[in-house]
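Written out below as structure tokens is the structure these notes cover.
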Amino acid sequence: METFDPVQVRPNRRPVRRPSRWLWKLLLALLPAVLSLPGRIWADTISDPKIIISASQSSGRPFWGAPFPITGTSFSFVVPSGTSPPCVVEPGDIRTGCAFVNASGVTWSDLHFVILPDDQPLPYVCDARAFFAHCLFDHKGGELTVTFFGGTGIADGNVFDMRLVGWLRDTEFVATASTVPEPASGALFLLGAGSALALVQFRRTRRDT
């Protein structure tokens, strides 16, 4: 029986090329830089000034203390180290947690912060993790502000956490909330507006006749 050499049966098979030594050397030289890149990116991200609003986790952290009640539509606090906690809400009142509760009786549709001083390191980062859908910084006229808006807002009785990272020492955050009328107030407003329109229409009808 006649036999065939495998090489002669498959003459078109290409030989496997192995990477040359210089390519291995290049890969080994670049490996430390590639491995350190995620850490450098993460370090840069951590150092960027951040302001975050999230649903409160204070119930799972008893050492944080009770959330500070906000009975109006404005409040302020200072972050001594630039990173919370702690937060100083009032002179001598150092909070181990930076949790607040809306006790104003109305829903906050958006929350506007003035950040002092305004010469904070760039870039600024904001994150609306709860209650709001968006946030936006503005820096002009020597005033640095950030506004949280959209979403359901912070309803009366809602507890929220403020997380601050990487700001200058003793940075102060002055907050002002815009409000949404309660359903009863809204109904009374619509009723009054409807009555006023009806009265105007009635007077026009009498005048025309």
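For segment 52-82, name all the residues that are among the hydroxyl-bearing types (Ser, Thr, Tyr), closer than 10 Å to Val159 by Cα and modelled with pLDDT of 70 or more.
Within segment 52-82, Ser54, Ser56 qualify.
Sort through Arg40, Arg95 and tell me the only one that's at pLDDT 65 or above and either touching a Gly at 6+ places or on another chain (Cβ under 6 Å) or among the basic types (Lys, Arg) (or both).
None of the others qualify; the one that does is Arg95.
List pairs: first residue in segment 111-131 and of a type in the set (S, T, N, Q), second residue assigned to a loop (DSSP other than H, G, I, E, B) anywhere in the structure, Cβ distance under 9 angstrom, at least six positions apart or on different chains.
Filtered contacts from segment 111-131: Gln120/Pro49; Gln120/Gly166; Gln120/Trp167; Gln120/Leu168.
Restricting attention to segment 76-133, report how many residues are aliphatic (A, V, I, L, M), loosely packed, with under 15 Cβ neighbours inside 10 Å and under 17 Å from Lys50 (Cα atoms).
Count: 2.
Looking for something exposed (fewer than 11 other Cβ atoms within 10 Å of the Cβ) and at pLDDT 95 or above - is there at least one such residue anywhere in segment 159-171?
Looking through segment 159-171, at least one residue is exposed (fewer than 11 other Cβ atoms within 10 Å of the Cβ) and at pLDDT 95 or above.
Go through segment 138-157 and give me each residue that's free of Cβ contacts under 8 Å to residues at least 60 places away in the same chain, of a type outside the set (Ser, Thr, Tyr) and crowded, with 16+ Cβ neighbours inside 10 Å.
Residues satisfying the conditions are Leu144, Phe149, Gly153, Ile154.
With the structure loaded, tell me whether Arg204 is among the charged types (D, E, K, R), farther than 17 Å from Ala55 by Cα and modelled with pLDDT under 95 or whether it fails that test.
Spelling it out, Arg204 is indeed among the charged types (D, E, K, R), farther than 17 Å from Ala55 by Cα and modelled with pLDDT under 95.
The values are calculated or read from the model by the stated rules, or taken from the named source; none is laboratory data. Not measured: the values here are computed from a predicted model. Neighbour counts are summed over all protein chains in view; Cβ atoms, including those assigned to glycine, are modelled from backbone coordinates with ideal geometry.
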